[in-house]
Amino acid sequence: MTAVDPSVACPSRRAAPVLVAVGVLTLVLVLATAAPAGAHASVITTSPADGQSVPEPPTTFTVTFTEAVDTQLGGLSVLDGDGNRVDLDDTTSEDAGRLLSVGLEPDLAEGTYVGTWRVVSADGHPISGSVLFAVGTVVDPSGLDVLTARTDPGWEVAGTVARFATFVAALLAAGMGFFLAFVHDQRRDRWRLAPVVRLATLAGLFGILATVGAQAALATGRGLDAATDLDVVRTVLTESLGWQAVVLLAGLALVHLSTDTQKLLVAQGCAFYGGLAVSASFVLWGHATEAPYRWLSVLADGTHVATAAVWFGGLVGLALTLSQRASALAGAPDPDLPARPDSTDSTDSTDSTDSTLSTVAAPSSTTLTLDDSALVATASPTGVRTDRRARRDLLRSTAVVVGRFSTAATVSVIGVLVTGLAMTWIQSGGSPSALWSTTYGRLLLAKVALVGAVVVLGAYNRQRLVPSLTAVPVDPSDDAVATASTPADEPLDDPGETTDAASTEGWHRLRGTLLVEIVVILAVLALTAVLVNVTPARTAADDRGGTVSLQGAAGDGTVELTIDPARAGPNTLRVQYLDPDGRPLDVATDLRVEFRLPEADLGPISRDVVKVGPGTFVVEGSELSIPGRWEIALAVRPSDFREVRTPFVIDIP
């Protein structure tokens with residue numbers, strides 16, 4: 001490892017407060033948008049169904065999912081009203097992992113029971129939920145709130161924050177490593193930026209460890225105990241999250257090594273392949289692994305991460321570089337950016353270096369190395385350059401950096417937009433309505449809006465601001481002519497001297513716009529951390545609606561309630577009363593239906609319905625027009641002195 005001058009081994013103090021403020025604001029955004037995760041594998045049906053009252057004790061509790069799930073860290077369980085388990089803890093899987101079943105104790109007593117599930121979906125995300133059913137009586141949810149709350153809000157937030165920290169650290173390390181190896185002009189202030197990359201790689205390590213811990217806690221429901229249980233953690237790592245962790249850490253290690261060498265080709269190789277590994281790690285766990293057109297989804301996701309890393313890391317690297325050089329670019333002397341020596345001294349300095357490094361997209365007449373002393377070998381006859389010449393040289397070199405980044409950022413933005421469009425099409429199932437009618441779609445649209453704002457600001461920089469700053473001659477061959485005909489004590493003719501004030505203002509404005517872009521991209525990453533654990537729009541749209549059938553006790557018989565399409569808006573309710581033998585029972589001439597939405601303090605909304613057949617009633621209307629958990633009560637009067645009420649509970653998306 002190369003020894004680094006302590007005077008240049010720390011990031012700019014002037015930029016640190018800004019970056020800390022950015023981090024705090026973004027963390028607030030993460031906490032504000034973090035919410036309990038939506039299931040990626042959704043529940044189709046349960047038996048008994050949610051809100052159902054069965055006359056006889058069931059022997060099993062089953063749950064059917066839309067896709068295969070894993071039960072290594074959880075499974076099904078059934079609790080009585082006191083929180084005691086009444087299942088046999090023998091969860092079995094059928095139908096390629098889509099149907100789960102658990103046996104129940106024989107002869108369950110009358111009362112309300114809670115059926116729960118805690119599984120991991122095929123794309124690696126934990127899923128939990130619960131339903132209420134009753135045996136020999138109506139469902140009574142009183143006092144069961146603790147048992148039915150199967151989500152872990154604290155760990156959901158912890159997982160979101162951990163993912164956000166991992167995203168930011170990994171993309172910053174990969175992108176800024178690329179910036180230092182391929183974009184930076186290799187002046188000595190490069191070593192001030194290297195510690196930022198190293199800290200980012202370490203933050204990425206802790207971020208992925210925290211993600212694994214949160215995954216263990218959520219998948220088992222055991223909280224911190226599970227996060228510190230080596231057997232549980234080992235099980236989590238044997239799933240796809242383990243491969244992501246391995247590849248991510250390998251990539252971060254390579255990026256870290258890229259900042260520990262003065263050999264530019266080695267630095268470039270480590271930064272390039274390390275960045276690829278970091279980008280590839282994010283497609284090994286998550287939506288891309290189970291999305292349609294998997295090859296396209298994986299390719300688009302990986303390219304999206306890689307181009308976003310170059311863009312984000314480059315923005316931070318350029319902002320810190322300009323912050324380092326702010327005083328020198330404004331014309332003030334900067335002892336950390338010394339004037340280059342004369343040709344003799346330069347030759348000696350170059351010979352003392354282990355190896356001269358290859359150029360990085362520099363003009364053909366300029367050789368850039370990681371040693372600032374060999375930057376340019378042309379100087380005045382006296383070996384001492386004026387402050388004006390030093391600033392002119394710094395302007396040229398910085399303009400080259402800005403120009404390179406502008407090109408890299410343009411390519412990256414195109415990559416982000418194209419791959420983002422492909423991923424949006426895949427995750428929405430090609431349905432525009434799925435974008436504005438689902439949580440995933442709305443979050444995605446917000447993310448697109450933020451990216452669009454950054455693109456507009458970047459376009460302004462590239463089209464208006466950058467050209468005015470990079471219009472400085474970069475070919476140093478004119479220096480030799482100027483110094484040969486100019487006395488050492490006579491000021492040099494600097495083409496940009498007449499526009500110093502405008503140039504200084506331009507550099508200051510560029511730094512300001514870069515910081516704004518960084519803040520917005522951090523907000524984009526915050527939304528991404530939330531999106532990772534939200535049901536994709538294509539799945540959510542498919543799950544919204546469909547016929548739902550419920551069954552409950554009604555006197556000595558039963559009543560079946562069918563709701564179609566069971567989504568917010570107009571619905572058709574079909575009610576059928578049955579005798580103990582399952583035959584239609586003509587219980588009354590009319591039916592009263594009551595609708596309540598407790599969470600919105602709505603209801604009861606009462607409807608009187610005339611029968612259409614023996615024990616058969618049909619209700620059509622828009623009472624279920626608001627999404628939420630609705631309580632529906634059916635009431636019939638078989639006689640003047642007797643009323644039979646049957647309650648149901650249904651979630652309307």
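Using 0.36 nm per residue, how much length does the chain from W425 to E94 gain when fully extended, once their Cα-Cα distance is taken away? Before the final figure, lay out the partial values.
Numbers: separation 331, 0.36 × 331 = 119.16 nm, distance 3.20 nm.
Length gained between W425 and E94: 116.0 nm.
Can you tell me the FRET efficiency between L202 and T513 if r is taken as the Cβ-Cβ distance and R0 is 22 Å, rounded to the nearest 0.05? Could you put the intermediate results ahead of the total?
Values: r = 29 Å, r/R0 = 1.33.
Rounded to the nearest 0.05, the efficiency is 0.15.
For the pair L457/E105, report the inter-label distance in nm, with labels modelled 7 Å from Cα in the Cβ direction.
Distance between label points: 6.1 nm.
Gain in length, I414 to D608, computed as 0.36 nm per residue apart minus the alpha-carbon separation, to one decimal in nm?
Length difference between fully extended and current span is 63.9 nm.
For D140 and E620 in one chain, what is 0.36 nm times their gap in residues minus the Cα-Cα distance, to one decimal in nm?
Gain in length upon complete extension: 170.1 nm.
Once label points are set 7 Å from the Cα along Cα→Cβ at both W243 and E67, what is their separation, rounded to one decimal in nm?
Modelled inter-label distance: 1.4 nm.
What is segment 52-166 by shape, rounded, prolate or oblate, if you read a ≥ b ≥ c off the alpha carbon gyration tensor as root eigenvalues and call it rounded for a/c under 1.5, prolate for a/b larger than b/c, and oblate otherwise? Can you show the working numbers first?
On the way: a/c = 2.70, a/b = 1.52, b/c = 1.78.
Since a/c reaches 1.5 but b/c is at least a/b, the shape of segment 52-166 is classed as oblate.
I'd like the FRET efficiency for L296 and S639, computed as 1/(1 + (r/R0)^6) with the beta carbon distance as r and R0 of 41 Å, rounded to 0.05. Working shown, then result.
Working: r = 65 Å, r/R0 = 1.59.
The value I calculate is 0.05.
Which stretch or stretches of segment 584-618 have amide N atoms under 18 Å from the point lying 7 Å from D556's Cα along the Cα→Cβ direction?
Only 584-588, 615 fall inside the zone, counting backbone N under 18 Å.
Any chance you could look up the accessible area of T410 with a 1.4 Å probe, heavy atoms only, rounded to 10 Å²?
50 Å²
The values are calculated or read from the model by the stated rules, or taken from the named source; none is laboratory data. Not measured: the values here are computed from a predicted model. Neighbour counts run over all protein chains shown; Cβ positions are idealised from the backbone, glycine included. What goes into the accessible areas is simple: the full protein's heavy atoms, side chains included, and nothing from ligands, DNA or RNA. Shrake-Rupley method; radii C 1.70, N 1.55, O 1.52, S 1.80 Å.
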